[in-house]
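Chemist: I have a structure I would like to understand better, so I am pasting it below and will then ask my questions one at a time.
Nothing in this text is a laboratory measurement; each read-out follows from the coordinates by a stated rule. It should be emphasised that the depicted structure is a prediction, and the values quoted were computed from it without experimental measurement. Positions of Cβ are generated from backbone atoms using ideal geometry, with glycine treated the same way; all protein chains shown enter the neighbour counts.
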Amino acid sequence: MRVKDGGQVRRWRKQRRYSQRELAFLVRRTQTTIYLIETGQLRNVSEDLGVAIAARLDVPWEDLFEAHEVDHSVGHDSSSSSHEVA
């Protein structure tokens, strides 16, 4: 899943009065992961993590994340790769 706006994740987290550490604990990740999402340094997350964050913040996941199209093709060339490095 692609993070739409890390700042929006941060605003919802603060509105729910969670620290980064508390939200990380609730979704079973590290505080660093939450920080990277909120600052835009981590733009792609697993579906499980995206759904878990949205559920803990009581926000529809579609408001915070966009689903990736799954590429089932056998051959991959570098020009069609959408992988991003955190």
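Chemist: Residue farthest toward the positive end of the dipole of region 2-63, with Cβ of Lys/Arg at +1 and Asp/Glu at -1: which of Leu49, Thr30, Val3?
Modeler: Of Leu49, Thr30, Val3, it is Thr30.
Chemist: Let me ask something additional. Treat each spin label as a single point 7 Å out from the Cα along the C-beta direction, and report the Asp48 to Arg16 distance in nm.
Modeler: Here the answer is 1.8 nm between the modelled labels.
Chemist: Starting from the Kirkwood radius over alpha-carbon pairs of region 2-63, derive D by Stokes-Einstein at 10 °C in a medium of 1.306 mPa s and give it in µm² s⁻¹.
Modeler: Reported coefficient: 143 µm²/s.
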